[in-house]
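Student: Take a look at the following structure, please.
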Amino acid sequence: MNTVSHFIRSLLFGLVLAAVHHGVCVADQFTDAMISTDKVDFGVIATGSDVQKFIEVRNVHQEAYQIGEVKTSCSCAKASIDKTQLQPGEVATITVQMNTKNFRQRKDSNVLLSLKSARQLHFTEVRIPVTAYIRTDVVFNPGAVQFGEIELGNRRDCCRGHRLRRSK
């Protein structure tokens, strides 16, 4: 009796494990077909710069899908989406922005979103890694400013058309 009980438990565990593994594979195939990228890499970016990357979510299935809340796992990045209801063939765009004003050096985050079918037959959560290296120096564009040349001691030519006032 003890051997039969152990066999049944092992068999049930194997079936549950196979079912869970199959569900994970289906979820990966499901999201791979809908999401345009599996990661977002900003590369090296300047402090204070406004940078954005875009992720497309395309409904390639035969039923409508709803996109739940779109958020990030760190305040070093921000994500927003232009629409949450997708009919078959429609595309939504997720905009990902890095916070280069408050953060420096290497930053890693994730875009998190949930997808579910209108009939609620499919539900999955997607995690898309985001990485960037925010430079610690300040970058100016253009890289140089030229004021021209002024001849030393020639005050009249230098200030033509401008009134000079002495500070008190």
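Just so it is clear, none of the values below were taken in a lab; they were calculated from the coordinates. The structure displayed is predicted, hence computed values, not measured ones. Cβ: placed from backbone, ideal geometry, glycine included. Neighbour counts: every protein chain shown.
Student: Using per-residue counts of other Cβ atoms within 10 Å, averaged over each peptide, order 79-89, 53-63, 107-117 from highest down.
Tutor: Packing order, densest peptide first, comes out as 107-117, 53-63, 79-89.
Student: If you consider only alpha-carbon coordinates, what radius of gyration and Dmax does the range 49-97 have, in Å?
Tutor: Radius of gyration, then largest Cα-Cα span, for the range 49-97: 12.2, 41 Å.
Student: Please arrange Met34, Met98 by how many other C-beta atoms lie within 10 Å of their C-beta, fewest to most.
Tutor: Listing Met34, Met98 from fewest to most nearby Cβ atoms yields Met34, Met98.
Student: Run through all the Cα pairs of the range 72-142 and give the fraction in each 5 Å bin from 0, expressed as whole percent.
Tutor: The percentages, shortest bin first, are 3, 13, 20, 19, 14, 12, 8, 5, 4, 1, 1.
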